[in-house]
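Asker: Please see the structure below; I have some questions.
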Amino acid sequence: MPNDAFNTQLAETISALNSPSFTPKLMRVIASLLSFDCAAVLGYREGKHPIYLYDSIENERELLFQRYLTTSFQNDPFYQKLNANKEQGIFTLKDVIGKDVARNDLDYQAYCEQFYHQTGWKDELSMLIEIEPARWVMLYFGFMQDDKRFTKPQVTKLKSYFAIIQSLCQQHWKQTEFTLAEPVFSPNAYSGQMLTAIESALASFGQTVLTKREQEIAALIAQGYDSKEIATQLDVVEGTVKNHRKRIYAQLNVASLSEFFQLFLNHLITQSR
């Protein structure tokens, strides 16, 4: 049965629905059920780049922005499972890579070489939750230590609470766009300073060469929105956004979304020092 601490955390999470503090409070609930070293939450829209929502990663964090969100996500076995099956649930790394895949699957080999092995994660578990038919949230949990793995009893326990977590996520993100969360769930593991750093970086990115409108669009691009979604948010036609985007790329001297993200990441790191 859930203990008093769990009930309190659950109540706080429900109270935080449709607010920026929802995700870190949800992480507290999950942390009371499952031991993990780090976590990340991403929003997925069919046929588009994932949107960063939250993380508690301390080591090699730049890989998430520089590699995963630009290209490596396409070879992520959890992402591929989502695309192939559209199945909600809790899955371990063993569940999704299959037998002998490390030797035979070129996509997985590329994913490991270009991203996963460099992160330092030793084991991984993911929760796939459908918000709407074309919108999903994926919660990733990892261990950084060689002697730690997600065990069957741990996974079984978490699965018994999946319906609660699923319902919370659906209620929150059905009413809320995929936007940055307040990245706080453990004072020892993470602090609100990163949220301030991200917000500051978004506000100041390109300010010396871009107009205010272009800065606004650049900030939305940095969060993973495409031209159509930006047009909807800003209540302008898509062609206007595309024209701004061309000028933004020219002013920042980048030729692709990957280069844009790398430039923003460098700006974020510089601003955070």
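What follows is calculated from the coordinates using simple rules that are stated; it is not laboratory data. The model shown is predicted, which means the values in this text are computed figures rather than measured ones. With ideal geometry, Cβ positions are generated from the backbone for all residues, glycine too; neighbour counts draw on all protein chains shown.
Asker: Pull out the extension gain between Asp95 and Ser35, defined as 0.36 nm times the separation in residues minus the alpha carbon to alpha carbon distance; nm, one decimal.
Answerer: Extra length available between Asp95 and Ser35 comes to 19.7 nm.
Asker: Moving to a separate point now. So for the pair Gln88, Lys152, with labels modelled 7 Å out along Cα→Cβ, what separation do we get in nm?
Answerer: The answer from the label model is 2.6 nm.
Asker: Further, regarding this structure: Would you work out the charge dipole size for the chain about its Cα centre, treating the Cβ of every Lys and Arg as +1 and the Cβ of every Asp and Glu as -1, and quote it to the nearest 20 debye?
Answerer: 200 debye
Asker: If the label point is 7 Å along Cα→Cβ of Glu259, which residues in segment 199-232 have backbone nitrogen under 15 Å from it?
Answerer: Answer for this model: none.
Asker: Can you bin segment 8-50 into rounded, prolate or oblate? Criterion: square roots of the alpha carbon gyration tensor eigenvalues sorted a ≥ b ≥ c, rounded for a/c under 1.5, prolate for a/b above b/c, oblate for the rest.
Answerer: Note, shape of segment 8-50 comes out oblate.
Asker: Could you tell me how many cubic angstrom of Cα convex hull volume the chain has per residue? Intermediate results must be reported in sequence, preceding the final value.
Answerer: On the way: hull volume 37.7 nm³, N = 273.
In the chain, the Cα hull volume divided by residue count equals 138 Å³.
Asker: Project the alpha carbons of segment 194-272 onto their principal axes and report the range along each, largest first, in whole Å.
Answerer: Ordered largest first, segment 194-272 gives principal extents of 35, 24, 21 Å.
Asker: Along the charge dipole of segment 194-272, Cβ charges K/R +1 and D/E -1, which of Ser200, Ile248, Ala231 sits furthest on the positive end?
Answerer: Most positive-ward Cα: Ile248.
Asker: Cα axis of helix 238-252 to longest principal axis of the chain: angle in degrees, 0 to 90, nearest 10?
Answerer: It is inclined by approximately 80 degrees.
Asker: What are the semi-axes of the equivalent ellipsoid of segment 1-157, taken as the square roots of 5 times the eigenvalues of the Cα gyration tensor, listed largest first and rounded to whole Å?
Answerer: For segment 1-157, the ellipsoid semi-axes come out as 26, 18, 16 Å.
Asker: Still on this structure, please answer the following. Here are some pairs, Lys25/Lys212; Lys25/Lys157; Lys86/Lys152; Lys25/Lys242; Lys212/Lys246; Lys25/Lys159; which of them have Cα atoms lying more than 26 Å apart in this structure?
Answerer: Pairs exceeding 26 Å: Lys25/Lys212; Lys25/Lys242.
Asker: Arrange the peptides 157-165, 197-205 so that the one whose residues have, on average, the most other Cβ atoms within 10 Å appears first.
Answerer: Descending mean neighbour count gives 197-205, 157-165.
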